[in-house]
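To start, the structure itself, in structure tokens.
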Amino acid sequence: DYWVDAWEIREKRNYYHRLYRDVRSRLVVSPQTNVLDIGGGDGHLMHYLGIASADILDISFSGLRIAGRRGYRALLGDLQAPFPVFENSYDFAFCFEVLEHLWRPDVTVAEARKALKPGGVLYVGQPNMRADGVHHVRRFYKKDIVSLLEGSGFLVDWIDYVPRFIVRDAIWDDIKRATSLGRKVKQCVALAISLLPRTVLTFLARYFPDRFCLLFIIKAVKPCSSEH
């Protein structure tokens with residue numbers, strides 16, 4: 001039931017716009033191309049990006065039901081197993097806020113590469129967040145996600161940065177939930193940093209990514225040549 005009511009909740013929080021408004025223009029797909037959203041849940045990210053036609057691959061029935069009602073093609077599948085798609089069949093793939101939830105993200109990225117045509121593009125939105133071992137089972141620093149993509153045969157074309165400390169209501173929630181004085185002080189510092197202009201936060205994220213970046217946005221390309 002993860003995706004039940006998620007669309008309405010995220011719309012109310014302006015979730016995707018707050019995170020991706022500065023990079024949205026870079027996440028483009030060509031007209032009349034095949035698009036795969038890996039772990040796309042209810043299809044809300046595709047909707048936000050203005051992509052009306054895409055295949056949504058997920059293991060969640062609740063997400064896929066909603067995606068289907070929104071006009072997307074729903075594909076039920078385990079992201080850590082062979083994808084239920086033909087190889088070399090997609091021009092673009094998206095994998096946003098997914099890999100940190102998986103025990104075998106290497107399998108997911110390898111399957112994404114198989115699904116893409118030579119020259120196909122994989123857009124990755126990778127959070128840089130502390131792992132809790134349950135919901136987020138691993139943390140990806142910049143070098144980790146780049147290593148994963150390049151180790152799977154992708155060429156990294158560019159990396160952009162969504163700054164940390166931009167979701168102020170989440171910081172407030174952390175302050176209220178904090179059970180120790182040290183944690184409260186740390187989150188109060190984060191709240192103070194969140195008052196800086198977004199341009200300053202973006203600068204910090206770009207030049208000190210492991211500390212000040214919330215999400216790495218990456219364009220990776222499947223090489224046309226079999227030599228790579």
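The values are calculated or read from the model by the stated rules, or taken from the named source; none is laboratory data. What you see is a predicted model, and the numbers here were worked out from it, not measured in a lab. Positions of Cβ are backbone-derived with ideal geometry, glycine not excepted, and every protein chain shown enters the neighbour counts. For the accessible areas, the whole protein counts, side chains as well, though only heavy atoms, and no ligand, DNA or RNA atoms are used. Shrake-Rupley method; radii C 1.70, N 1.55, O 1.52, S 1.80 Å.
Before moving on, here are some points about what is shown:
- GNM remark for the chain: springs join alpha carbons under 10 Å apart, and the peak mean-square fluctuation among Leu27, Leu76, Leu195 falls on Leu195.
- Computed magnitude of the charge dipole of the chain (debye, nearest 20; Cβ of K, R +1, Cβ of D, E -1): 900 debye
- Ellipticity estimate at 222 nm from DSSP helix runs (n ≥ 4, -39,500 (n - 2.57)) divided over the chain, nearest 500: -11000 deg cm²/dmol
- Shape class for the stretch 53-117: oblate, because the ratio a/c of the largest to smallest gyration tensor axis (alpha-carbon atoms, square roots of eigenvalues) is 1.5 or more and b/c is at least a/b.
- In the chain, the sites counted are chymotrypsin sites (Phe, Trp or Tyr not before Pro) in DSSP loop states with at most 14 other Cβ atoms within 10 Å, and the longest stretch holding none of them, exclusive of the sites, is 104-228.
- Working from the Cα coordinates of the chain, the gyration tensor eigenvalues give, after taking √(5λ), semi-axes of 30, 21, 17 Å in decreasing order.
- Backbone N atoms of the stretch 122-165 closer than 17 Å to the 7 Å Cα→Cβ label point of Val189 belong to residues 130, 164-165.
- Each residue of the stretch 129-140 was assigned a 3J(HN,Hα) from its phi angle through the Karplus curve 6.51 cos²θ - 1.76 cosθ + 1.60 (θ = phi - 60°); the sequence is 10, 4, 7, 10, x, 10, 7, 9, 8, 7, 10, 10 Hz, with glycine and proline shown as x.
- Modelled label positions at Lys12 and Leu181, each set 7 Å beyond Cα in the direction of Cβ, lie 3.6 nm from each other.
- Largest-first principal axis extents of the Cα set of the stretch 145-228 (Å): 55, 27, 18
- The stretch 57-158: C-alpha gyration tensor shape, a/c 1.5 cut-off, then a/b vs b/c: oblate
- A 1.4 Å probe run over the protein chains yields, for the stretch 1-50, 55 Å² of accessible area per residue, whole-number rounding.
- Of all accessible heavy-atom area on the chain, the percent that carbon and sulfur account for (1.4 Å): 55 percent
- Gap separating the Cα centres of the stretch 35-54 and the stretch 152-181, nearest whole Å: 22 Å
- Residues of the stretch 85-228: accessible area per residue with a 1.4 Å probe, Å²: 50 Å²
- Contour excess over end-to-end distance, with Cα ends at Asp106 and Asp157 and 0.36 nm allotted per residue: 16.4 nm
- Gyration tensor (alpha-carbon) shape descriptor, the stretch 1-130, a/c threshold 1.5: rounded
- Residue among Ser25, His135, Cys213 farthest towards the positive dipole end of the chain, charges placed on Cβ: Cys213
- Each residue of the stretch 104-117 was assigned a 3J(HN,Hα) from its phi angle through the Karplus curve 6.51 cos²θ - 1.76 cosθ + 1.60 (θ = phi - 60°); the sequence is 10, x, 4, 5, 4, 5, 5, 5, 4, 5, 4, 5, 7, 6 Hz, with glycine and proline shown as x.
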